Amino acid sequence: MRVNGTAVDVADGTTVAGLVAARTEGHGRVAVARNGDVVPRSTWETTTLAAGDVLEVLAPTAGG
Amino acid sequence: MTDIFELAGETFDSRLVLGTGGITSMETLDRTVRASGTQIVTVALRRVEASADAAMMQVLDRCGVRLLPNTAGCRTAREAVLTARLGREAFDTDWVKLEVIGDEHTLLPDAVELLDAAEQLVADGFRVFAYTTDDPILGRRLADAGCAAVMPLGSPIGSGLGIRNPHNIALLREAVRVPVVLDAGIGTASDAALAMELGCDAVLLASAVTRARDPERMALAMRQAVEAGRLARGAGRIPRRWHAEASTQFEGLPDL
């Protein structure tokens, strides 16, 4: 699967919540897109990643 | 004197909206936000590896400002709608500064994609603040689509060229009932004052402050310029005249 544009191997059974925890330490406001759709925070724990998934894990930055 | 700014059903004292893009340090951000007196600050989402230090949100939370997520960098309605939904998820707000650009050279809005995205987001319950060209007709279409505010550019983002077509901004102000926020192109305080004199309800700026030599001081200048322009607009400027009109009476002028 791809996470933020990079091919990665992720352990079977990894959830969106697990991915977020591994990558966004310190960030309180995070959003995740999976295959072009928002993954609501309420489903992070129950959404298991699958082979071929394309994920974007996003955090706040400065912007105009 | 109270002069309340109503935006999407909320009220604010400040009519200056500050973008954080270009800020150089968290300490500068803190001092700049406070000096500006702003109550609304724009933010963006990026891949976590390229995002700001988590301290940025702590600074903004401490300042007590309302967050306005943007869709900067999006080039299609599809991208912008998804980015807005991600922003809603991350920042827990249905406010969005909708920005759909046509190319990276001018960063000018793509009118077709913009209107498409605005319609989709309004239907999805967002309060849409549409960054647009200074075209009064497009502004009206965006307002008719249900946007909470129309935000015309004065000139291209980050250009500092000021308001290139004041006439269009004034026409746009007359064309819609929703708030008009001058967004993009502000270079210095007089540009912000002009926006308010033209009837804009507020000014959104980032680079003019964040890239100034002294951001904190420029933030204060912008705050005062917005206030001065707003006061001047309300006070009613004198008409422009081709020839002079003496302010001191001629009657009683001695024969010397």
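The values are calculated or read from the model by the stated rules, or taken from the named source; none is laboratory data. Note that this is a predicted model, so its numbers are computed, not measured. Here the Cβ positions follow ideal geometry from the backbone for every residue, glycine too, while neighbour counts run over all protein chains shown. Keep in mind that these areas ignore ligands, DNA and RNA; they rest on the heavy atoms of the full protein, side chains included. Shrake-Rupley method; radii C 1.70, N 1.55, O 1.52, S 1.80 Å.
Counting only residues that are small (Gly, Ala, Ser) and over 14 Å from the mean Cα position of the chain (by Cα), which one in the stretch B:165-191 is most open to solvent (accessible area, probe 1.4 Å)?
First, the residues of the stretch B:165-191 that are small (Gly, Ala, Ser): B:170, B:175, B:184-185, B:187, B:189-190.
Add one more test, that the residue is over 14 Å from the mean Cα position of the chain (by Cα), and what stays is B:170, B:175, B:190.
Details: B:Ala170: 31, B:Ala175: 33, B:Ser190: 77 Å².
Among those residues, the one meeting the criterion is B:Ser190.
Answer yes if at least one residue in the stretch A:48-56 is under 28 Å from B:Leu204 (Cβ atoms) and not polar (S, T, N, Q), and no otherwise. Break it down stepwise before answering.
Start the filter on the stretch A:48-56 by keeping residues that are under 28 Å from B:Leu204 (Cβ atoms), which leaves A:56.
Retained after the next criterion (residues that are not polar (S, T, N, Q)): A:56.
Scanning the stretch A:48-56, I find at least one residue that is under 28 Å from B:Leu204 (Cβ atoms) and not polar (S, T, N, Q), so the answer is yes.
Just a yes or no: is a residue in the stretch B:84-92 free of Cβ contacts under 8 Å to residues at least 60 places away in the same chain and outside any helix (DSSP H, G or I)? Step through it out loud before you land on a result.
Of the stretch B:84-92, the ones free of Cβ contacts under 8 Å to residues at least 60 places away in the same chain are B:84-92.
Checking the rest, the ones that are also outside any helix (DSSP H, G or I) come to B:92.
For the stretch B:84-92, residues free of Cβ contacts under 8 Å to residues at least 60 places away in the same chain and outside any helix (DSSP H, G or I): present.
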Subject >> Looking only at the stretch B:193-252, and only at residues there that are of a type in the set (S, T, N, Q) and assigned to a helix (DSSP H, G or I), the one that is surrounded by the fewest Cβ atoms within 10 Å (Cβ to Cβ) >> reply: B:Gln224
Original post:
What is the number of the single condition among (1) over 30 Å from B:Leu182 (Cβ atoms); (2) free of Cβ contacts under 8 Å to residues at least 24 places away in the same chain that A:Ala62 does not meet?
Top reply: (1)
Original post:
Would a scan of the stretch B:56-67 turn up a residue that is more than 9 Å from every other protein chain (Cβ to nearest Cβ), closer than 12 Å to B:Ala44 by Cβ and in contact with a Leu (Cβ under 8 Å, 6 or more places away or on another chain)?
Top reply: no
Subject >> Residue check, B:Glu49 at the interface with chain A (Cβ under 8 Å from one of its Cβ atoms), more than 28 Å from B:Leu108 (Cβ to Cβ) and open to solvent by 40 Å² or more (accessible area, probe 1.4 Å) >> reply: yes
Original post:
Which residue, of B:Gly102, B:Gly154, is small (Gly, Ala, Ser) and in contact with an Asp or Glu (Cβ under 6 Å, 6 or more places away or on another chain)?
Top reply: B:Gly102
Subject >> Members of the stretch B:148-164 that are open to solvent by less than 40 Å² (accessible area, probe 1.4 Å) and either part of a strand (DSSP E or B) or free of Cβ contacts under 8 Å to residues at least 40 places away in the same chain (or both) >> reply: B:Ala149, B:Val150, B:Met151, B:Pro152, B:Ser155, B:Gly162, B:Ile163
Original post:
Inside the stretch B:186-219, can you point out the residues that are within 13 Å of chain A (Cβ to nearest Cβ) and in contact (Cβ under 8 Å) with a residue 60 or more places away in the chain?
Top reply: B:Val203, B:Leu204, B:Leu205, B:Ala206, B:Ser207, B:Val209, B:Thr210, B:Arg211, B:Pro215
Original post:
So which residues in the stretch A:22-51 are in a helix (DSSP H, G or I) and either within 9 Å of another protein chain (Cβ to nearest Cβ) or touching a Ser or Thr at 6+ places or on another chain (Cβ under 9 Å) (or both), if there are any at all?
Top reply: A:Ala22, A:Arg23, A:Arg41
Original post:
Any chance the stretch B:172-182 includes a residue that's within 14 Å of chain A (Cβ to nearest Cβ) and either touching a residue at least 40 places away in the same chain (Cβ under 8 Å) or out of contact with any strand residue (DSSP E or B) (no Cβ under 7 Å at 6 or more places or on another chain) (or both)?
Top reply: yes
**OP:** Taking B:Leu82 as the residue in question, decide whether it is under 20 Å from B:Ala148 (Cα atoms), facing chain A (nearest Cβ under 7 Å) and in contact with a strand residue (DSSP E or B) (Cβ under 7 Å, 6 or more places away or on another chain).
**Re:** yes
Subject >> Lone qualifier among B:Thr11, B:Thr38, B:Thr20, B:Thr28 - being open to solvent by less than 30 Å² (accessible area, probe 1.4 Å), touching a strand residue (DSSP E or B) at 6+ places or on another chain (Cβ under 8 Å) and more than 9 Å from chain A (Cβ to nearest Cβ) >> reply: B:Thr38
